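Accompanying notes for the structure given below.
The values are calculated or read from the model by the stated rules, or taken from the named source; none is laboratory data. Not measured: the values here are computed from a predicted model. Here Cβ is always computed from backbone atoms with ideal geometry, including for glycine, and neighbour counts include all displayed protein chains.
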Amino acid sequence: MLMKGKKGLIVGLANNKSIAYGIAKACADQGADIAYTYLNDALKKRVEPIAKELGSNKVYKLDVSDEDDMSSIATKVADDFGTIDFVVHSVAFAPKEALSEPFMKTTKAAFQVAMDVSVYSFIDLINRLEDVLSADASILTLSYLGGPKYIVNYNVMGVAKAALESTVRYMAVDLGKKGQRVNAISAGPIRTLAAAGIGDFKQILNWNECNAPLRRNVTIEQVGNSAMYLLSDLASGVTGEIHYVDSGYNIMGMAAADKSAEGKAVLVWDQRD
C-alpha cells in the first residue's frame, strides 16, 4: 500500500462529492491515517461521517480566517500524530458578487477576501504547521485553468488561482531546502459545491468534454489518484509543479467545430443540450 504509515491533514473537505473527498479516499485506501477539518457546525455534520467512513476519528474545526482556529491547529495535529507526512489545502472563496459581476467591477473588499482565503491561507497554514511537518513532507493545493488562462465567469477566482500557482513555486523553493515538497493539481471542471457558484457551469462542463483530447470530463476519483501519487513517495522527486488532471484540455489551442449544412463552422458546444 503506497501510503501505509503516512499521516496527513486534509483541510477543506465539504462533502463526498468534493475533490478533497476523492483525494481523502484515494489516500485512505492506500493506508494513510488522515485528520480532517470542517469550517463550521453545519459542515461538521457532513465531515464527521466521512471521516468515520474513511477510518478516522480525527476531525478539527478550522476556519482559515479565524485566528483562534489557526493558532491551535498545530497543537491538535501534534496531540494526535506527533508529526504528519502530508497536507492537502482545499480552500477557496470569493464573494458571490465577485463571480457574477464583470471582473473590472471587483471591489477591493471582495478582492482581498478572495486572496486571503484562497491564497494566503495556504501560506499561513503551512507556517502554522511547520513544527509538525516531517522532514520529507508533501504539501498539495488545488488550482484550476482559470488561473493561467481566461475562463468565462471565473473572474476574481482566476486571479486568486494565478497567485496560488505562483505561491506553489516560491514555497517549493523555501521548503525544498528542508526536503519538503509543494505541488498543485489543476483539475478539470467537476460538479462540486464550490463549482455551483460559477455561472454557466453546465456549459463549461460540455465545452471541456467536447474539446478535451480524451473527450470526457474527469472524476473526483481520477483527481484523487493523481493527488495520492503526488503525496506519496512515488513523487519524491517532484516539486513546484502544477499537475493538470483535465483529460488533456489544457493543451488545446483551438475549439472543436463541425460544418453546418450551410458549410459554416459550428462549435460542438452549440450542438449539445
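Could you grab me the full set of residues in the stretch 111-131 that are part of a helix (DSSP H, G or I) and touching a strand residue (DSSP E or B) at 6+ places or on another chain (Cβ under 8 Å)?
Residues of the stretch 111-131 that are part of a helix (DSSP H, G or I), as a first pass: 111-128, 130-131.
Within the stretch 111-131, S121, F122, L125, I126 qualify.
When the stretch 5-26 is limited to residues that are of a type in the set (V, I, T) and part of a helix (DSSP H, G or I), the one that is nearest to I126 (Cα to Cα) turns out to be I23.
Of all the listed residues (V88, V156, V132), the sole one being in contact with a Ser or Thr (Cβ under 6 Å, 6 or more places away or on another chain), closer than 24 Å to A28 by Cβ, of a type in the set (A, V, I, L, M) and surrounded by 17 or more Cβ atoms within 10 Å (Cβ to Cβ) is V132. Look at the stretch 1-17: where a residue is more than 14 Å from G55 (Cβ to Cβ) and surrounded by fewer than 21 Cβ atoms within 10 Å (Cβ to Cβ) and a partner is among the hydroxyl-bearing types (S, T, Y) and modelled with pLDDT of 95 or more, sitting 6+ places away or on another chain with Cβ atoms under 7 Å, you get L2/S232; N15/Y21. Applying the set (1) assigned to a helix (DSSP H, G or I); (2) at pLDDT 95 or above; (3) over 15 Å from the mean Cα position of the chain (by Cα); (4) of a type in the set (A, V, I, L, M, F, W, C) to A98 leaves exactly one unmet item: (2).
Every test in (1) surrounded by 22 or more Cβ atoms within 10 Å (Cβ to Cβ); (2) in contact with an Asp or Glu (Cβ under 7 Å, 6 or more places away or on another chain); (3) not charged (D, E, K, R) is passed by G179 save one, and that test is (1). Taking the conditions (1) surrounded by fewer than 17 Cβ atoms within 10 Å (Cβ to Cβ); (2) under 20 Å from L140 (Cα atoms) in turn, E53 satisfies each one other than (2). When the residues of the stretch 20-43 are filtered to those that are exposed (fewer than 15 other Cβ atoms within 10 Å of the Cβ) and in contact with a strand residue (DSSP E or B) (Cβ under 9 Å, 6 or more places away or on another chain), the one that is farthest from V132 (Cα to Cα) is D41.
Within the stretch 44-75, the set of residues being touching a strand residue (DSSP E or B) at 6+ places or on another chain (Cβ under 6 Å), in a loop (DSSP other than H, G, I, E, B) and either of a type in the set (A, V, I, L, M) or without any contact (Cβ under 8 Å) to a residue 12 or more places away in the chain (or both) comprises just one member, L62. Within the stretch 199-241, the set of residues being touching a Gly at 6+ places or on another chain (Cβ under 9 Å), buried (at least 20 other Cβ atoms within 10 Å of the Cβ), in contact (Cβ under 8 Å) with a residue 60 or more places away in the chain and within 17 Å of I19 (Cβ to Cβ) comprises I220, V223, G224, A227, L231.
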